[in-house]
Amino acid sequence: MHDSSALLTVRAASVSVGGFSVLQKVDLTVERSEIVSLIGPNGSGKTTLVRLALGLIDPDQGIASRVPGIVIGYVPQLFSVDETLPLTTARLLSMAGGDRAQVEEALAEVGAAHLIRRPIQGLSVGETKRILLARALLRSPDLLVLDEPAAGVDMGGQAEFYGLLGKIRDRTGCGILLISHDLHFVMAATDKVVCLNHHVCCTGAPDAVTRHPEYIALFGPEMATGLAVYAHEHDHHHDISGEAVADDGAENVTDKSGAHNHG
Amino acid sequence: MKFSRMDEFLVRALLGGFGVAIISGPLGSILIWRRMVFYGATLAHAALLGVALSILFRAPTIIGVIIICIIVALLMAAFGRQNKLSQGTLLGIFAHATLAGGIVVLSFASGVRVDLNALLFGDILAVSWNDLIWIYAGGALGLGVLAMIWRHLLAVVIHEDMARVEGTPAALVQFLFMVLVALVIAIAMKIVGILLIVSLLVIPAATARQFARTPESMAGLASIVGLGAVAGGIWASYLADIPAGPGIVLAATFMFGISLLFTIRQHNH
């Protein structure tokens, strides 16, 4: 397969959970050597979109597909193993494949070499994220998917963590899809941002997205790094709960910044 | 002469208990790692309905128990997907509905004398050579299947979604695990009875936890603790004339208490 092919394609996918429409006609692609960040308010469907992308759930409508045979490394948001399971970091990682030397190397890459003999239940949230990333790397993934990888990591650690993702991408050429709340880090470390609020509000390069009115509406003008007011045709607004409401009854509330991504 | 006959039924009881203890170690460990203890208890309650239906239709008990356990597990999975009732509520409903159903069905099985007490609390001293064949054949089959799916089961225990993303056939593995639990319930019924089976799964595993450093050593150690509990319980039953099934459970509980003392010592150091 050639380098420009999308590892992951979600097209016009809709998902309902318990009668509630969580995702509406969502598009998402991740290509090789591309870091895609998914941002959006709590409850906007980010984790559902990731589960869809991973093939853990199927769309009610539309498509969610991965290139056949690719290896996926997944770092989940929540990781809680019962206290009664005797499991060290070394064993958890060796289960993903690789001998002792490779396990040590992967842990060293994420700055967690000292955790190798520790029981996993005693690790902090940030430490757990690091060893899970190391575990995902051991599988030599084509696609790395991380659900809030930096949540629970301290501020200094967050910059380092996103820097690490960039290095991994440069070294392995894998595609990376991540969910994040850390907007500043996302903007600095990402090739493409997808702003989600049940539908894709806007998508594109970080600097374009931060100037998009929907992004500003969701996150406030203080989060827009290069605030520039410019005219913009808009077919919907957001009500108080963040729901998209069509202004003119238009079916399509999806607005891609790609259409005006020229600066 | 009388003494040697007594010896023989004691030997059969010990062998039966040992067979169940060996397979219970790893299965019980997984049950507590997955926080599924009450799930196991519910299947055990459902087993009474399986026994009752087997008697009614003159089918082998083990078949009736496994079929009913599979049906109950599938029903609970279906209801669980509705997300309306919590797991605990569902387990409470199914455990007691099937227990009550079992007793009602037993009342229809007229002409067959059923010792309800033995079904509920075990009748290990009545274990026959035929029972031993079932226990060891079923136990060996169970251990074989468990060894085949162990790596996948462990992956599902650690994180189900992560395991699925990495290609583990999670649904199949969990179904097989449930069938294995049903199998152990079916062969262990005679030893400790429906109401005490879960303790034979859980208490040795919880005892082993205090000393184990890997999942496999915990599973193996749990089997050894189970062997000790069976020997201790039957010995106490022989000496003090107490019921053997509850004796085994109390022996296991005693060993669990001792293991806690070791933990407290470790923490104080």
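The values are calculated or read from the model by the stated rules, or taken from the named source; none is laboratory data. All figures in this text were calculated on a predicted structure; none of them were measured in a lab. Neighbour counts run over all protein chains shown; Cβ positions are idealised from the backbone, glycine included.
Quick rundown of the values:
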{"read-out": "Residue pairs meeting the criteria (Cβ under 6 Å; at least 6 apart or on separate chains; first more than 7 Å from every other protein chain (Cβ to nearest Cβ), in the range A:70-92; second charged (D, E, K, R))", "value": "A:I70/A:D142; A:V71/A:R139; A:V71/A:D142; A:G73/A:R139; A:Q77/A:D147; A:Q77/A:E148; A:T88/A:R117; A:T89/A:R118"}
{"read-out": "Residue in the range B:71-78 that is touching a helix residue (DSSP H, G or I) at 6+ places or on another chain (Cβ under 7 Å), within 20 Å of B:D131 (Cβ to Cβ) and small (G, A, S) present", "value": "no"}
{"read-out": "When residues of the range A:94-111 are limited to those that are closer than 21 Å to A:I72 by Cβ, within 23 Å of the chain's Cα centre (by Cα) and more than 14 Å from chain B (Cβ to nearest Cβ), the one surrounded by the fewest Cβ atoms within 10 Å (Cβ to Cβ)", "value": "A:E109"}
{"read-out": "Total residues in the range A:132-159, condition within 18 Å of the chain's Cα centre (by Cα) and at pLDDT 90 or above", "value": "13"}
{"read-out": "Candidates B:V157, B:V145, filtered to the one that is touching a Lys or Arg at 6+ places or on another chain (Cβ under 6 Å) and more than 22 Å from B:L53 (Cβ to Cβ)", "value": "B:V157"}
{"read-out": "Within the range A:98-121, tally of residues that are touching a residue at least 40 places away in the same chain (Cβ under 8 Å) and in contact with a helix residue (DSSP H, G or I) (Cβ under 6 Å, 6 or more places away or on another chain)", "value": "2"}
{"read-out": "Criterion violated by B:L221 - all others in (1) surrounded by 18 or more Cβ atoms within 10 Å (Cβ to Cβ); (2) under 30 Å from A:D58 (Cβ atoms); (3) touching a residue at least 60 places away in the same chain (Cβ under 8 Å) satisfied", "value": "(2)"}
{"read-out": "In the range B:31-43, the residues that are within 13 Å of chain A (Cβ to nearest Cβ) and of a type outside the set (A, V, I, L, M)", "value": "B:W33, B:R34, B:R35"}
{"read-out": "First in the range B:85-96 and in contact (Cβ under 8 Å) with a residue 40 or more places away in the chain, second anywhere and assigned to a helix (DSSP H, G or I), Cβ under 6 Å, 6 or more apart", "value": "B:L91/B:F38; B:L91/B:T42; B:F94/B:T42; B:F94/B:V72; B:F94/B:M76; B:A95/B:T42; B:A95/B:H45"}
{"read-out": "Boolean, B:A182 is within 14 Å of chain A (Cβ to nearest Cβ), out of contact with any Gly (no Cβ under 7 Å at 6 or more places or on another chain) and more than 23 Å from B:A251 (Cα to Cα)", "value": "no"}
{"read-out": "Hits in the range B:200-231 - residues which are within 13 Å of chain A (Cβ to nearest Cβ), assigned to a helix (DSSP H, G or I) and not aliphatic (A, V, I, L, M)", "value": "B:P204, B:T207, B:R209, B:P215, B:E216, B:S217, B:G220"}
{"read-out": "Test for B:V145: is it at pLDDT 95 or above, surrounded by 13 or more Cβ atoms within 10 Å (Cβ to Cβ) and β-branched (V, I, T)", "value": "yes"}
{"read-out": "Candidates B:G28, B:G17, B:G50, filtered to the one that is within 14 Å of another protein chain (Cβ to nearest Cβ), in a helix (DSSP H, G or I) and crowded, with 24+ Cβ neighbours inside 10 Å", "value": "B:G28"}
{"read-out": "Selection count, the range A:24-48, where residues are among the hydrophobic types (A, V, I, L, M, F, W, C) and farther than 15 Å from A:A6 by Cβ", "value": "2"}
{"read-out": "Complete set of residues in the range B:216-233 that are of a type in the set (A, V, I, L, M) and closer than 14 Å to B:G19 by Cα", "value": "B:A222, B:I224, B:V225, B:L227, B:A229, B:V230, B:A231"}
{"read-out": "Given (1) touching a residue at least 24 places away in the same chain (Cβ under 8 Å); (2) more than 14 Å from chain A (Cβ to nearest Cβ); (3) part of a helix (DSSP H, G or I); (4) under 25 Å from B:R34 (Cα atoms), number of the condition B:I234 does not satisfy", "value": "(4)"}
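Residue-wise test of (1) closer than 29 Å to A:R51 by Cβ; (2) in contact (Cβ under 8 Å) with a residue 40 or more places away in the chain; (3) away from chain A (no Cβ under 14 Å).
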site: B:I124; (1), (2), (3): no, yes, yes
site: B:I133; (1), (2), (3): no, no, yes
site: B:L143; (1), (2), (3): no, yes, yes
site: B:A147; (1), (2), (3): no, no, yes
site: B:E166; (1), (2), (3): yes, no, no
